[in-house]
Amino acid sequence: MNLKRISKILLVSALSIGLVFGIFAFLGEAVQAEDDEYHIAVIVKATDSGFWQDVFTGAEAADEEMENVTIDYLGPPSEADIAQQVAILEDAVIGRPDAIVLASTSSDATVPQVEMAYEQDTKVILIDNMVHTDSYHSFLATDNVAGGYLAAETFVEMAEEDYGLDLSQGVVGHISSMAGVQVLIDRDEGFLTGMEDLAPDVEILEPRYVDNRIPDALSAAEDIMLSYGDELVGFWANNNHTGIGVARAIEEAGVADDFPAIAFDADEDQIQALRDGYLDALMVQDPFAMGYEGVHSAIKAIEGEELDDYVDTGVTVVTQENLDDEDIQLLINPEQRKEHVLGQ
């Protein structure tokens, strides 16, 4: 992470809201004084996750391509800090940037701030998660329902072909990061629909919600393994932290050869778990594209260009077999991809 990004993250995480308010007001006045420079706030769900750092890396690549853009990189420490993200967004809106690129954890809590920004002619680009309002200019995200269905297809294929499991019976452990988050709801809906279509006799257990905490995901997975024993035919984990927790539980229990485990996203720990065989497949989104294209979309909106209402940023199945392919390496290594994009 570069020093500019670190300083701005620490600024929002450590200072009081009143001081942040004053800083954003000052920035807003400064930007208005320089009509030839665009001021964009990129606000993510959390700064404790490799996924959101990858969004920042994509935004940085767009930033470095242009000379007339200033970007603030902002976000709360954890995805569980919804109130803090709302406060960060509110202060950003008060600063009157030219555009905001927002990954909102909640689809409802940020509605007033998004609508305020839109009404004051700050361009609003939503990424990753939809907010329940029409006050935005474009939405760039994974089709999470399709991604969840793809995860079910991958799970069934691996369970039957790689592990020789009988899917006319058994249970699948379901570890969910948080309740009430739309992207996770969509992924789970896609996975459940896919399993119902492809393996209707398998029971998908009720989700264990872990507040986006890796240790809690590990404990939940251990409890499921202990409770269901030989009935267990695999795990579904719907984000990076849950995937890491499940992988650690499988490693500690020594059951990597017993059943498949499928997870969303591709943190470094998940990729290592995939290499080591503790995860079997990752449903990999494109956070770099969300940041990169999000900033470029913001510039286009500022300059009056028409944008698509929705842009699907895609999802890719990554396994041990294709992990070292060049296109996969660019997908999961944003710093390398940044260099590629900038021709360095």
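Rule-based calculations on the coordinates, nothing more; no lab input. Since the model is a prediction, treat every value here as computed from it, not as a measurement. Cβ sites come from the backbone with ideal geometry, for glycine too, and all protein chains shown count toward neighbours.
Need the full-extension length gain, E37 to E252, defined as separation in residues times 0.36 nm minus the C-alpha distance. One decimal, nm.
72.1 nm
Applying 1/(1 + (r/R0)^6) with R0 = 22 Å to the Cβ-Cβ distance of L342 and D312, what FRET efficiency is obtained, to the nearest 0.05?
My answer for the efficiency is 0.35.
What is the distance, in nm, between label points placed 7 Å from the Cα along the Cα-to-Cβ direction at M66 and at S219?
4.6 nm
Taking amide H atoms as placed 1.01 Å from N in the peptide plane, list the residues 5 or more away in sequence, or in a different chain, whose amide H sits under 5 Å from that of R208.
For R208, the qualifying residues are H174, I175, S176.
Amide H of T70 versus every other amide H placed in the peptide plane: which residues, excluding those fewer than 5 positions away on the same chain, fall under 5 Å?
Under 5 Å from the amide H of T70: Y38, H39, I40.
Report, in cubic angstrom per residue, the convex hull volume of the C-alpha atoms of the chain.
126 Å³
When the expected Rg is taken as 2.2 N^0.38 Å, what fraction or multiple of it is the alpha-carbon Rg of the range 117-251?
Rg over 2.2 N^0.38 Å, computed on Cα atoms: 1.21.
What list of ³J(HN,Hα) values in whole Hz, one per residue of the range 255-270 in order, does the Karplus curve 6.51 cos²θ - 1.76 cosθ + 1.60 (θ = phi - 60°) give from phi, with Gly and Pro shown as x?
My calculation for the range 255-270 gives 10, 4, 8, 9, 6, x, 10, 10, 9, 8, 6, 8, 4, 4, 5, 5 Hz in order.
Apply 1/(1 + (r/R0)^6) to the Cβ-Cβ distance of E303 and E119, taking R0 = 22 Å, and write down the FRET efficiency to the nearest 0.05.
Working from the Cβ atoms, E equals 0.65.
Figure the gain on full extension for H132 and E203 (residue separation times 0.36 nm, minus the Cα-Cα span) and round it to one decimal in nm.
Gain on stretching H132 to E203: 22.3 nm.
Which ³J(HN,Hα) values in Hz, rounded to whole numbers, follow from the phi angles of the range 112-120 under the Karplus curve 6.51 cos²θ - 1.76 cosθ + 1.60, where θ = phi - 60° and Gly and Pro get x?
Once θ is set to phi - 60°, the couplings for the range 112-120 become x, 5, 4, 5, 4, 4, 4, 5, 8 Hz.
For D48 and A179, what does the FRET efficiency come to when R0 = 22 Å and r is the distance between their Cβ atoms, rounded to the nearest 0.05?
Taking R0 as 22 Å, the efficiency between D48 and A179 is 0.70.
Contact order normalised by length for the range 144-284, with contacts defined as Cα pairs under 8 Å and 6 or more residues apart; what percent is it?
It rounds to 27 percent for the range 144-284.
Report the Cα centroid-to-centroid distance between the range 289-308 and the range 136-159 in angstrom, as an integer.
When both Cα centres are located, 24 Å separates them.
For the residues S138, S107, what sequence is obtained by ranking on other C-beta atoms within 10 Å, fewest first?
Final ranking by Cβ density, sparse to dense: S107, S138.
Through the Karplus equation 6.51 cos²θ - 1.76 cosθ + 1.60, θ set to phi - 60°, convert the phi angles of the range 125-139 into ³J(HN,Hα) values in whole Hz; use x for Gly and Pro.
Per residue, the Karplus-derived 3J(HN,Hα) values read 10, 8, 10, 6, 9, 6, 9, 6, 7, 9, 8, 8, 9, 6, 10 Hz.
Where in the range 112-143 does the amide nitrogen come within less than 20 Å of the point 7 Å from the Cα of A83, taken along Cα to Cβ?
Residues passing the 20 Å test: 112-114.
Consider a paramagnetic label point 7 Å from the Cα of D276 along Cα→Cβ; state which residues of the range 216-234 have an amide N under 20 Å from it.
Label zone hits: 216-226, 234.
List every residue whose amide H lies under 5 Å from the amide H of V311, counting only residues 5 or more places away in sequence or on a different chain, with H placed 1.01 Å from N in the peptide plane.
F139, L140, A141
Have a look at G164, G245, G194 and tell me which one the Gaussian network model of the chain (Cα, springs below 10 Å) gives the largest fluctuation.
G164
In units of 2.2 N^0.38 Å, what is the alpha-carbon radius of gyration of the range 101-181?
The value comes to 1.61.
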